[in-house]
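Notes follow once the structure below has been shown.
The values are calculated or read from the model by the stated rules, or taken from the named source; none is laboratory data. On a predicted model such as this, the values are computed, not experimentally measured, just so you know. Don't worry about glycine lacking a Cβ; one is built from the backbone with ideal geometry, like all the others, and counts go over all protein chains shown. Accessible surface is based on the protein model in full, side chains and every heavy atom, while ligands, DNA and RNA are left aside. Shrake-Rupley method; radii C 1.70, N 1.55, O 1.52, S 1.80 Å.
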Amino acid sequence: MTVQGAYGYELTQVGAPLHLAELPALEPGADEVIVKVAACGVCHTDVGFAFDGVPTRHELPLVLGHEITGYVVAAGEQAQRWQGQAVIVPAVIACGKCPACTAGRPTICRKQFMPGNDGNGGYASHVRVPARGLCAVPQPLPAGVSLEALSVVADAVTTPFEAIRRSGLKAGEVAVIVGAGGIGGFGVQIAAAVGAKVIAIDVDNERLELAQQHGASLTLNPHRCDEKELRRDVRGFAGQFGAPGSTLKIFEMSGTADGQWTAFNLLDFGAYLAIVGYTPKKIEVRLSNLMAFDATAQGNWGCPAEQYPNALELVLAGKIAIEPFIERHLLEEVPEIMKGVAGHAFRRRVVLVPNGHD
Ligand SMILES: [Zn+2]
Ligand SMILES: [Zn+2]
């Protein structure tokens with residue numbers, strides 16, 4: 001029942017390299033499991049914790065990482081059915097009991113558990129997590145899909161999935177994805193899977209090319225044109241392809257101030273704006289445009305666990321490709337990797353695989 005010899009990479013102090021630590025023996029509580037980590041994705045939120053002084057809810061030292069897949073190697077009394085199962089661990093695990101949870105709003109649960117924030121996370125050989133909300137991964141997986149690659153479903157796929165689900169985006173409508181990187185690359189594919197006509201906007205032409213290969217009908221680089229041209233191109237496309245009566249749905253997935261500014265300035269009559277990416281920076285906008293355009297702005301903190309199987313289904317059905325958008329590195333390289341991610345040295349999302357994982 002107890003797992004000995006587990007290790008993880010801890011944040012001990014903001015700005016210091018992550019530190020390899022032996023973890024104490026891991027024993028699951030009655031409703032918990034121990035997951036042997038197959039892979040853990042690196043999210044910009046982790047960079048915020050490690051370098052920018054964004055406080056973790058659990059005190060330091062803390063093992064970071066909240067994009068986890070692996071195998072359940074130990075399970076508590078009430079979690080026995082998970083024993084041996086391949087799983088995706090949701091980035092945000094709601095308590096299931098509080099007023100927010102019982103009202104059907106698990107993403108605003110104040111007793112939620114986020115690995116690598118409320119407790120040790122997935123930059124580790126093993127992690128202890130609540131069993132509720134785990135997403136079972138069928139075995140064997142279809143050709144071209146691996147449990148390591150599925151780690152990004154824990155956050156980078158499910159967060160845009162939930163944003164698009166909440167928007168009510170339908171086939172024939174026009175979706176604008178601002179930022180076609182670590183989150184937006186999946187956002188483009190999810191919107192295309194819904195049947196929407198997708199416009200991808202990014203300052204990086206290679207990302208735009210990839211977006212075009214994976215479902216974007218129009219790609220635009222705001223560094224190549226001014227604000228008015230960008231708006232004209234988007235409206236022109238929407239006028240050509242938008243289903244009668246449907247309006248623009250804009251998804252900010254870059255998590256940058258520039259991206260947010262671009263997204264806000266694309267607002268039009270009846271438009272819907274979803275803020276999916278995070279930046280601590282502020283921008284100045286004329287908020288009254290929401291009123292003048294009868295527009296809607298919406299955010300989402302992660303994705304309810306109950307939606308994970310639906311997002312996973314899109315991947316397993318081949319509607320979301322993961323491999324072209326990720327690169328694998330050894331977990332043991334994480335102290336260096338974090339610096340690279342902070343410095344935007346990786347174009348693809350980094351997935352960490354523990355040495356000796358099988
Ligand atoms: Zn994240
Ligand atoms: Zn709750």
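The table below lists the values:
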quantity: Local electrostatic count at residue 127 - Lys and Arg +1, Asp and Glu -1, tallied over other residues with Cβ under 11 Å; calculated: +1
quantity: Within-14-Å neighbourhood charge of residue 43 [Cβ basis; K, R +1; D, E -1]; calculated: -2
quantity: Debye log10 I(q)/I(0) at q = 0.18, 0.22 Å⁻¹ for the range 93-178, Cα point scatterers; calculated: -1.06, -1.23
quantity: The chain: calculated mean residue ellipticity at 222 nm from DSSP helix runs of at least 4, using -39500 (n - 2.57); calculated: -7000 deg cm²/dmol
quantity: Karplus-derived HN-Hα couplings along the range 262-268 (A = 6.51, B = -1.76, C = 1.60, θ = phi - 60°), whole Hz, x at Gly and Pro; calculated: 4, 4, 5, 6, 8, 3, 9
quantity: Partners for residue 249 among lysines (Cα-Cα distance below 27 Å; same-chain residues under 8 apart left out); calculated: 170, 197, 228, 281, 282, 319
quantity: Residue-level accessible surface for residue 349, protein heavy atoms, 1.4 Å, Å²; calculated: 20 Å²
quantity: GluC sites (Glu not before Pro) restricted to DSSP loop in the range 1-71 with at most 13 other C-beta within 10 Å; calculated: 59
quantity: Accessible surface of the chain, 1.4 Å probe, proportion on carbon and sulfur as whole %; calculated: 51 percent
quantity: Surface/4 of the Cα convex hull for the chain, nm²; calculated: 17.5 nm²
quantity: In sequence order, calculated HN-Hα J values of the range 203-220 (Karplus, 6.51, -1.76, 1.60; Hz; x Gly/Pro); calculated: 8, 10, 5, 5, 5, 5, 4, 4, 4, 5, 5, 10, x, 7, 8, 9, 10, 9
quantity: Placed amide H near residue 296: partners under 5 Å, 5+ positions off or other chain; calculated: 271, 272, 273
quantity: For the chain, accessible area per residue (1.4 Å probe, heavy atoms of protein chains only), Å²; calculated: 44 Å²
